[in-house]
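The values are calculated or read from the model by the stated rules, or taken from the named source; none is laboratory data. All figures in this text were calculated on a predicted structure; none of them were measured in a lab. Cβ coordinates were reconstructed from backbone atoms using ideal geometry, including for glycine residues, and neighbour counts include every protein chain displayed.
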Amino acid sequence: MTMLRFTPNLHRLVDTPSARVAGATVAQVLACYFLANPRVRGYVLDDQGAVRKHVAVFVNRELIRDRIGLSDPVGENDDIFVAQALSGG
Amino acid sequence: MSDCLWVGTRKGLFGVARDNRGRWRIAGTWFAGDPVSMLLPQRGGRRIHAALDLGHFGVKMQRSDDGGKRWRETPAPAFPPRPDGLEDKDPMRGIDIPWSSKLIWALEPGGAGEDSGELWCGVIPGGLFHSVDGGDSWTLVRSLWDHPLRKKWMGGGYDFAGIHSIMVDPRDARHVTIAVSTGGVWTTKDKGGSWALIGKGLRNVYMPPDMAGDPLPQDAHRVVHCPAKPDRLWMQHHNGIFRSDDGGEHWQELHDVPPSSFGFAVAVHPTEADTAWFVPATKDERRFPVNARLVVTRTRDGGKHFDVLSKGLPDEPAYDLIYRHGLAIAADGERLAFGSTTGSLWVSEDQGDSWQNVSKHLPPISCVRFEA
């Protein structure tokens, strides 16, 4: 399962425990995580389900390519990190 | 008489309370560091809604049911899925309108009693949301969002249009009137079943001359109604001050208002419809007090004459701008408060004749509201 972690900047706003989550894409991993942590969805994704403009999602050390559909593939040993972008805010 | 004032700022929510010697002091701070874009105190001060704009992490709603001691997050108004292939662009900028709440800009109770849990919420980019459960859930008012003329609303100071004023008729809660920057004044008589664009007599000078009187591209900065006489509306418009005596159908422009008829905020007395307050600025790109002298203006006769009020306001040059929700009046009609982009806050207990400075060092102030 993929390891999912969040920026510490989110911790004061909403509980975001790291977790190992099943899924073949970033979208699937996040959807699975949000089932158990529904409040977190609105902090990471906008109303249409795209990554918020000033949130960055990394798979291992690479930024994901598909910020709208989150279709980037992930594997068993990958790490996803949800970061606060340097822009905006 | 309200002894408590709520102040939303760029860096948190502040509670301001009057002590027994008549001094207003900051009594509490919440959400320190987070922008608070809108507030709604209800139910004798017990219930308070606060809208946050977390920047990176989106808009959020918080609610307290014990006067601010404890808060819990409630759902933020969210747009439904955008249909594939739909073209929906801001006509002025030509960029896609996000179907996502960008800023919570208006929050008002429905008229069916405070305990009904009914709320209306206006957002940028132009969505109106309705709740019947105290904000536990929100529904986009599709009749307005899907109205063909909504696509002609334009961003003004922000990239996209927004609903900043919501007036629920105290005689009939199905009658709701809203104002849009920039998109004119809209009203429904059936609680959002259908909407009509109103506003004859409004005038703008930023569109081509033959569109000056078109009710659609009118940039209402803020509109309020007199609760005891709700057909009387006051508007601070981008191009001046307007008054309506028929619920916003027709408007009369007020001329020669000293020292300027440009500004954002307006407040009306809760029972005396002819009495209203404004905080003028220099039109329109400069946006600071005329000649850097901060004053409040007040009319008591429906706009025929204006008093220029400055007692207790700065003697030195002041560059404070008052945002559209930065001026508030209490239910008693005596107490007013206003807060500025420079982080200064003033309170008056005599209808603006004199002002007490509460702080000069708050973060930029977006909204002030007295305890209900």
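Laid out as a table, the results:
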read-out	value
The stretch B:72-104, residues that are at the interface with chain A (Cβ under 9 Å from one of its Cβ atoms) and not in a loop (DSSP other than H, G, I, E, B)	B:Glu73
Any strands (runs of 3 or more DSSP E) falling wholly within the stretch B:274-339 and containing at least 1 residues that are surrounded by fewer than 18 Cβ atoms within 10 Å (Cβ to Cβ) and either more than 21 Å from the chain's Cα centre (by Cα) or of a type in the set (A, V, I, L, M, F, W, C) (or both)	B:307-309
Neighbours by Cβ (under 9 Å, 6+ apart or cross-chain): first from the stretch A:30-42, closer than 14 Å to A:Val82 by Cα; second of a type outside the set (S, T, N, Q) and surrounded by fewer than 14 Cβ atoms within 10 Å (Cβ to Cβ)	A:Val40/A:Asp15
Candidates B:Asp19, B:Asp65, filtered to the one that is surrounded by fewer than 19 Cβ atoms within 10 Å (Cβ to Cβ) and in contact with a helix residue (DSSP H, G or I) (Cβ under 9 Å, 6 or more places away or on another chain)	B:Asp65
Some residue of the stretch B:116-130 being more than 23 Å from B:Ala267 (Cβ to Cβ), touching a Phe, Trp or Tyr at 6+ places or on another chain (Cβ under 8 Å) and outside any loop (DSSP other than H, G, I, E, B)	yes
Search result, residues across the stretch A:44-84 that are at the interface with chain B (Cβ under 10 Å from one of its Cβ atoms) and touching a helix residue (DSSP H, G or I) at 6+ places or on another chain (Cβ under 9 Å)	A:Val44, A:Leu45, A:Gly49, A:Arg52, A:Lys53, A:His54, A:Val55, A:Ala83, A:Gln84
Residues of the stretch B:146-174 satisfying the condition of being touching a residue at least 24 places away in the same chain (Cβ under 8 Å) and farther than 19 Å from B:Met38 by Cβ	B:His147, B:Leu149, B:Arg150, B:Lys151, B:Lys152, B:Trp153, B:Met154, B:Asp169, B:Pro170, B:Arg171, B:Asp172, B:Ala173
Cβ-Cβ under 8 Å pairs, at least 6 apart or on other chains, the stretch B:56-68 side more than 14 Å from chain A (Cβ to nearest Cβ) and assigned to a loop (DSSP other than H, G, I, E, B), far side surrounded by fewer than 22 Cβ atoms within 10 Å (Cβ to Cβ) and hydrophobic (A, V, I, L, M, F, W, C)	B:Gly68/B:Trp30
Scope the stretch B:349-372; condition under 21 Å from B:Arg222 (Cα atoms) and in a strand (DSSP E or B); matching residues	B:Ile365, B:Ser366, B:Cys367, B:Val368, B:Arg369, B:Phe370
Matching residues in the stretch B:98-118 - criterion: being of a type in the set (A, V, I, L, M, F, W, C), modelled with pLDDT of 95 or more and surrounded by fewer than 23 Cβ atoms within 10 Å (Cβ to Cβ)	B:Trp99, B:Leu103
A:Val40, sole failed condition from (1) surrounded by fewer than 16 Cβ atoms within 10 Å (Cβ to Cβ); (2) under 26 Å from B:Asp53 (Cβ atoms); (3) more than 9 Å from every other protein chain (Cβ to nearest Cβ)	(1)
Cβ-Cβ under 8 Å pairs, at least 6 apart or on other chains, the stretch A:48-66 side over 25 Å from B:Lys102 (Cβ atoms), far side basic (Lys, Arg)	none
Among (1) under 30 Å from B:Thr299 (Cβ atoms); (2) of a type outside the set (A, V, I, L, M, F, W, C); (3) in contact with an Asp or Glu (Cβ under 9 Å, 6 or more places away or on another chain), the one test that B:Arg222 misses	(3)
Condition met for B:Asp315 (closer than 25 Å to B:His255 by Cβ and out of contact with any strand residue (DSSP E or B) (no Cβ under 7 Å at 6 or more places or on another chain))	no
Qualifying residue in the stretch A:8-20 (condition: in contact with a Lys or Arg (Cβ under 6 Å, 6 or more places away or on another chain) and surrounded by fewer than 17 Cβ atoms within 10 Å (Cβ to Cβ))	yes
Total residues in the stretch B:101-124, condition free of Cβ contacts under 8 Å to residues at least 40 places away in the same chain and either out of contact with any Lys or Arg (no Cβ under 6 Å at 6 or more places or on another chain) or at positive phi (or both)	3
Leading residue by the ranking (modelled with the lowest pLDDT) among those in the stretch A:1-37 that are within 14 Å of chain B (Cβ to nearest Cβ) and in contact with a strand residue (DSSP E or B) (Cβ under 6 Å, 6 or more places away or on another chain)	A:Asn9
Set B:Ala32, B:Ala51: member being part of a loop (DSSP other than H, G, I, E, B) and either among the polar types (S, T, N, Q) or within 14 Å of another protein chain (Cβ to nearest Cβ) (or both)	B:Ala32
